[in-house]
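Asker: Structure provided below as structure tokens; questions to follow.
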Amino acid sequence: MSVEGHPDGAALVAGAEERRSVVAEGLRIAGREWRPVFGSAVSAVVVASAVGGGIVAGGFVASWGLFLEAGRSAESSIDYEESYVAYADQWDGLVKVAFGVYPLLLLVAAALIAWLLTAQAVTVAHARERDTAGADPAPGADPTTLTLRALWRGSRPHLGAAFRIQLLGLVCALVPAIAGLFVLAAVDMELVPGVVWPTYHEPATVQFILVGRILPVVIWGLGLVVLARFGPATAVRVADDCSATAAMRRSWVLTRTARLRTTGICFLAAAVVAVALAVLMRLGGYVAHWAGLLMLATTDDNVWVTGVLVIITPVAVALVLLPVVLAPVGVVLARLRARLA
């Protein structure tokens, strides 16, 4: 029997067509309203570069003495032909600096995502109102084109609630993320009976593959499904003008009857973001090369601070430029909310 001839197959085909429809409509709106969509993304890139770069630079300043001390200790050990461990005496101090930097960066990321999703929800609402009014959508011909100033005025009342939504979503994401890492840690510490981490002489067993590989992925996948159910929450806030918790409850209710469609769209968006992140990190590698040469020149060839800089630079470049990709994703999520409602 063909897929179309089976009831479940027909539902799958209809769901796939519905997902394509939502994505196509979202991309059409993003292309037509490219000024507010990508204007909001560029503003997020500027803020991420300034604020996020300032936080990272502050972390380097706070740990500068630790890096210099690590370099002196290593050079002394090399001169005396002694063995040494990198950052052996500085590790605790570096970890303390990291615990101060990472939460600040997460707050900046939550604020910028709140801005992007709110701005795209306002843009989609504006596009729908314009379509209802029958305005000419040709670029440059529509007097009701949404300017960045108007976009800011429309988004500003919702930003506080949108930021709280992102924080609640972050908590929901951290629970399965930590649970999956806990499983890996338990296997590594041999706390799971019958499951042993494979070594060079002992290949992976079936038990290890099930518990140490498949189970964490399943847990993280369930976390992504939960996040997908809360994906339209910011757009719900903009449309219904409700509180953050009410918007998340409303998002959960709206997606209840469209779990497959919602999960499929959000997984597609996550895949696009992951591919974009990988490409941007590759481009960031070129920036890391020149940044590393500059750091070596300014620190008298201190490879300890240069190595850390070279490692984090590709990730930093990718995260700073990621709003350009997240903006169209926000349009698709806003369009999904409209379709579900």
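Asker: Restricting to region 37-85, what's the tally of residues that are of a type outside the set (S, T, N, Q), outside any helix (DSSP H, G or I) and touching a residue at least 24 places away in the same chain (Cβ under 8 Å)?
Answerer: Total meeting the criteria: 0.
Asker: Take V308 and tell me if it is over 19 Å from the mean Cα position of the chain (by Cα), within 21 Å of V108 (Cβ to Cβ) and open to solvent by 30 Å² or more (accessible area, probe 1.4 Å).
Answerer: Considered against the rule, which asks whether it is over 19 Å from the mean Cα position of the chain (by Cα), within 21 Å of V108 (Cβ to Cβ) and open to solvent by 30 Å² or more (accessible area, probe 1.4 Å), V308 comes out as yes.
Asker: How many residues are over 25 Å from A127 (Cβ atoms) and surrounded by fewer than 19 Cβ atoms within 10 Å (Cβ to Cβ) when one looks only at region 223-245?
Answerer: Of the residues in that region, 6 qualify.
Asker: Take region 276-304 and flag every residue that is small (G, A, S) and surrounded by fewer than 17 Cβ atoms within 10 Å (Cβ to Cβ).
Answerer: Answer for region 276-304, where residues must be small (G, A, S) and surrounded by fewer than 17 Cβ atoms within 10 Å (Cβ to Cβ): A278, G285, A297.
Asker: Condition (residue is under 15 Å from the mean Cα position of the chain (by Cα) and at pLDDT 90 or above) applied to region 156-165: is it met by at least one residue?
Answerer: Scanning region 156-165 turns up at least one residue that is under 15 Å from the mean Cα position of the chain (by Cα) and at pLDDT 90 or above.
Asker: Give the residues of region 24-36 that are assigned to a helix (DSSP H, G or I) and surrounded by 21 or more Cβ atoms within 10 Å (Cβ to Cβ), sorted by residue number.
Answerer: If the condition is that a residue be assigned to a helix (DSSP H, G or I) and surrounded by 21 or more Cβ atoms within 10 Å (Cβ to Cβ), then G26, I29, A30, P36 are the ones that fit.
Asker: Within region 311-327, can you find the residues that are small (G, A, S), open to solvent by 40 Å² or more (accessible area, probe 1.4 Å) and within 12 Å of the chain's Cα centre (by Cα)?
Answerer: Hits for region 311-327: nothing passes.
Asker: Out of the residues in region 51-87 meeting the condition of being surrounded by 12 or more Cβ atoms within 10 Å (Cβ to Cβ) and among the polar types (S, T, N, Q), tell me which one is modelled with the lowest pLDDT.
Answerer: S77
Asker: Out of curiosity, is I219 touching a residue at least 40 places away in the same chain (Cβ under 8 Å) and over 24 Å from L116 (Cα atoms)?
Answerer: Yes: the conditions hold for I219.
Asker: Of these, Q90, Q120, which one is over 29 Å from H158 (Cα atoms), among the polar types (S, T, N, Q) and open to solvent by less than 40 Å² (accessible area, probe 1.4 Å)?
Answerer: Answer to the check: Q90.
Asker: Here's another thing I want to ask about it. Could you tell me whether V192 is of a type in the set (A, V, I, L, M, F, W, C), open to solvent by less than 90 Å² (accessible area, probe 1.4 Å) and not in a helix (DSSP H, G or I)?
Answerer: Spelling it out, V192 is indeed of a type in the set (A, V, I, L, M, F, W, C), open to solvent by less than 90 Å² (accessible area, probe 1.4 Å) and not in a helix (DSSP H, G or I).
The values are calculated or read from the model by the stated rules, or taken from the named source; none is laboratory data. Quantities reported herein were computed from a predicted structural model and do not represent experimental measurements. For neighbour counting, all protein chains shown are included, and Cβ atoms are generated from backbone atoms with ideal geometry for every residue, glycine included. Keep in mind that these areas ignore ligands, DNA and RNA; they rest on the heavy atoms of the full protein, side chains included. Shrake-Rupley method; radii C 1.70, N 1.55, O 1.52, S 1.80 Å.
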